[in-house]
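Single-structure report; data block below.
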Amino acid sequence: MRNKWKIGLMSTLLACTTFTSVAFAAEKPVDQPKWEEWLNGHAKILNEPNSQTTEDLSFLKEAVQDKRIVVLGESTHGAKEMNQSKIRMIKYLHEEMEYDVIAFESGFAEASTVQQNFDNLTATEAMKQSLYGVWQTEEVEQLFTYMKEQKEKGKPLTLAGFDMNLFYRSSFHLYAKDWLQKLSPEVASELELAVTELIKLDKYYYNLEGGYPYDQYKVEIQPVINKFEKVKAFIQSHKTELTRVAPSPTYDVNFLERSINIRI
């Protein structure tokens, strides 16, 4: 089966919506009639968000066809009905159209780590270790339960992340440290120190008032980059050994390398 991707851009893209901000309701754009015409010609009526039937989603087969990527957006964060509606679509895309990857706007390293440890985590743990807090809801937790069920059935829905933001409490750092510790305690300590220093700098500059002294930042971040470079070089030259001592057969040394690389 050809791999397909279902991507959930759950914050940066907006789904088509008929809701309009009160602040802008009085000033309609000149080309709004064209928008309304397009919307009337393309909008689909869906069943209630918690509906157990899927006939209303059959239009997706014609609309999506053989597209490799399907983007699901939202017009607001945390709305129960929004999450329920999207999860219905995700299940339909997975079960009826063979899409087998779901990617969140969340950490690449964190999602990869959870995916490699899915069997050892509860649905709640998997959700909290891989997603930003805004999507840690009851409905999304049910999605993770579904993902675990599908994996047990031999029809996995693989979790992925495509954001590079820094997680202060990243599960990846703990898993990576434990893995590296098996081969080189020195490199594991170097990673821990690099992460600690990176978070400290990030917090400092985030809370800094009166401008962002980029030249100063470049100087202060360089020792941290050097530490990550050292860890990366070790991984690149010890892939075979790291694969041999991996805590689980699901651990992928290439994901480990990429996760370190995006912190540089």
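Any read-out appearing in this document is the output of simple, stated calculations on the displayed coordinates, not a laboratory observation. A quick note: this is a predicted structure, and the numbers were derived from the prediction, not measured. Cβ sites come from the backbone with ideal geometry, for glycine too, and all protein chains shown count toward neighbours.
Going by how many other beta carbons lie within 10 Å of each one, how would you line up L191, L201, L72, fewest first?
Ranking L191, L201, L72 by Cβ neighbours within 10 Å, fewest first, gives L201, L72, L191.
Mind giving me the FRET efficiency for L46 and T122? R0 is 35 Å, r the Cβ-Cβ distance, nearest 0.05 is fine.
Working: r = 30 Å, r/R0 = 0.87.
Once rounded, the FRET efficiency stands at 0.70.
With a ≥ b ≥ c the root eigenvalues of the C-alpha gyration tensor of the stretch 171-261, is it rounded (a/c under 1.5), prolate (a/b larger than b/c) or oblate?
prolate
Could you list S51, S130 so that the one with the fewest beta carbons within 10 Å of its beta carbon is first and the one with the most is last?
S51, S130
Please report, in Å, the Rg and the Dmax of the stretch 82-142, where both are computed over Cα atoms only.
Considering the stretch 82-142 through its Cα atoms, Rg and Dmax are 11.8, 30 Å.
Going by average Cβ density within 10 Å per residue, which order do the peptides 138-148, 249-259 take, highest to lowest?
The densest-packed peptide leads the list: 138-148, 249-259.
Search the structure for amide H atoms under 5 Å from the amide H of T158, placed 1.01 Å from N in the peptide plane, and list their residues when 5 or more places away or on another chain.
V101, I102
Please report the projected area of the stretch 5-163's Cα convex hull averaged over all directions, in nm². Mind showing how you got there, number by number?
Numbers: hull surface 41.5 nm².
Mean projected area of the Cα convex hull: 10.4 nm².
Return V70, V114 ranked ascending by Cβ neighbour count within 10 Å, so the fewest neighbours appear first.
V70, V114
Say each of Y217 and R68 gets a label point 7 Å from the Cα, pointing the same way as Cα to Cβ; how far apart are those two points in nm?
3.3 nm
What do you get for GluC sites (Glu not before Pro) in the stretch 27-87 restricted to DSSP loop and a cutoff of at most 12 other Cβ within 10 Å of the site's Cβ?
When the GluC sites (Glu not before Pro) of the stretch 27-87 are filtered for loop state and at most 12 Cβ neighbours within 10 Å, E27 remain.
Please tell me which of these pairs span more than 32 angstrom C-alpha to C-alpha: K148/K200; K28/K203; K86/K153; K153/K232; K67/K128?
Table pairs above 32 Å Cα-Cα are K148/K200; K28/K203; K153/K232.
Who wins for biggest fluctuation among K67, K230, K28 in a Gaussian network model of the chain, springs between alpha carbons below 10 Å?
Of K67, K230, K28, the Gaussian network model singles out K28 as fluctuating most.
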